[in-house]
Amino acid sequence: MIDKGKISALQLGMLMYLMIGATSTLIVPAITAKQAERDMWLSPILGSISGFIVVIIMWALHKKFPGQSIMQFGELLLGRFLGKCANSLVLFFLLHGVGLILREYGEFVVSAFLSRTPLITITMSLIVVCAFAVRSGIEVLARCTQLFLPFIGLVFVCIFAMLIPDMDPRKMLPMLEKGILPALQGSIVPHTWFLEFFLITFLFPFVHDLSKGLKAGMFSVLFMMLIMVATNFASLFVFGNLTGHISFPVYYAASYISFINFIEHLDAIVMVTWILGGFVQIALWYYSLVIGTAQWLGLSHYRFLVFPMGLLCGMTSIWVTPSLQDLIHFFATTAPLYSFTILFLYPLILLAISWVRKTKNSSL
């Protein structure tokens with residue numbers, strides 16, 4: 001095995017949760033609000049269906065090919081040539097994904113705090129820190145997640161609690177005024193985020209109590225859905241129909257908190273929590289990219305790939321999009337079909353092929 005580290009099912013669930021939740025709470029409320037408006041709270045519930053299905057598909061494939069990721073059983077099912085070609089598209093998707101997430105965090109930090117700092121300085125600083133974590137292995141990433149997640153959860157619970165005086169539940173009325181269609185349209189972007197549970201394929205081989213792996217993945221999807229619903233509710237109750245016109249609704253809501261004229265300006269704390277969550281998210285994507293590349297090349301070690309891949313990821317974050325507005329436009333238009341093809345359709349085809357082969361073998 002390329003990485004000899006082991007994680008528990010609980011750590012698996014935490015890793016997958018932060019991998020999705022770090023950016024979903026940052027930008028999804030604004031995108032869903034543009035389509036679903038008052039019914040934006042319903043969109044993550046509909047979008048979570050993709051997450052549950054993807055986890056089930058990856059679990060079924062892993063049960064058929066234990067100890068292997070999609071880079072390995074993809075070649076077994078499609079053949080060496082077709083498998084290499086298909087997996088190269090997966091690797092490109094992972095590289096592109098790391099670049100997008102890096103750029104998203106860089107744009108957030110620049111626009112909110114460090115307006116005079118070059119974007120590349122922020123992105124490269126973050127990727128260097130992630131590189132050392134990735135090089136240390138999956139156990140280090142899992143322990144970082146266990147350390148950060150309780151703090152992140154506590155901060156967000158406190159922020160939501162202090163926002164209650166500024167919330168107006170009447171802003172969600174009338175519900176389903178235009179039917180279910182706006183909520184369905186608003187769920188397209190959450191579907192894209194939930195499809196990223198595909199990356200669980202790179203973690204299943206390292207889970208020592210694998211019998212709990214499916215349960216951990218499903219609970220991770222469930223908690224992610226609940227957090228996205230709570231975030232959308234908070235944004236809607238505070239900003240109402242203006243949510244769709246604000247790039248980072250939860251961050252701006254936190255910046256206006258004034259609790260008994262003593263606790264104020266919590267935007268810095270929010271930034272810290274998002275950076276911690278972003279570190280885990282980027283590191284996990286980065287780790288999947290490096291592990292996948294090593295498996296694609298048939299290597300026995302992955303660590304010497306870490307720093308060259310980090311440089312490539314940093315360069316990708318610069319050319320991947322010209323601005324934050326174009327990035328949001330990409331998430332709302334191109335990303336859903338792009339993610340559906342790689343993260344849902346490809347593993348579904350592999351699962352269908354494995355079923356057909358099993359049926360043929362059993363009939364002989």
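Tabulated data
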read-out	value
Length-normalised contact order of segment 156-285 in % [C-alpha pairs under 8 Å, at least 6 apart]	30 percent
Loop sites in segment 153-190: trypsin sites (Lys or Arg not before Pro), DSSP, at most 14 other Cβ within 10 Å	Lys178
Overall form of segment 1-134 per C-alpha gyration tensor (a/c, 1.5; a/b vs b/c)	oblate
Gaussian network model of the chain, springs between alpha carbon atoms under 10 Å - residue of Val238, Val290, Val320 with greatest fluctuation	Val320
Against the rule of thumb 2.2 N^0.38 Å, how large the Cα Rg of segment 128-283 comes out	1.21
Nearest-ten-degree value, helix 9-36 long axis tilted from longest Cα axis of the chain	50 degrees
Segment 272-336-segment 94-144 distance, computed between alpha-carbon centres (Å)	9 Å
Rel. contact order, % - alpha carbon contacts under 8 angstrom, at least six apart, the chain	41 percent
Cα shape, segment 138-200, gyration tensor, a/c 1.5 rule	oblate
Accessible surface of segment 46-167, 1.4 Å probe, proportion on carbon and sulfur as whole %	71 percent
Distance (nanometres) between label positions extended 7 Å along Cα→Cβ at Arg170 and Thr334	4.4 nm
For segment 285-328: rounded, prolate or oblate by the Cα gyration tensor [a/c cutoff 1.5]	prolate
Expected 222 nm ellipticity per residue - DSSP helices of 4 or more, -39500 (n - 2.57), all of the chain, to 500	-24000 deg cm²/dmol
For Ile7, residues with placed amide H under 5 Å, excluding near neighbours	Val207, His208
GNM flexibility winner over the chain from Pro29, Pro44, Pro118 (Cα, springs under 10 Å)	Pro118
Degrees between helix 267-297 axis and first principal axis of the chain (Cα, 0 to 90, nearest 10)	10 degrees
Rounded accessible area per residue of the chain, 1.4 Å, Å²	43 Å²
The chain: angle of helix 306-319 to the longest principal axis, Cα-based, in degrees nearest 10	50 degrees
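The values are calculated or read from the model by the stated rules, or taken from the named source; none is laboratory data. These numbers come from a predicted model, not from an experiment. Neighbour counts are summed over all protein chains in view; Cβ atoms, including those assigned to glycine, are modelled from backbone coordinates with ideal geometry. Remember, those area values only see protein heavy atoms, side chains included, never the ligands or the DNA or RNA. Shrake-Rupley method; radii C 1.70, N 1.55, O 1.52, S 1.80 Å.
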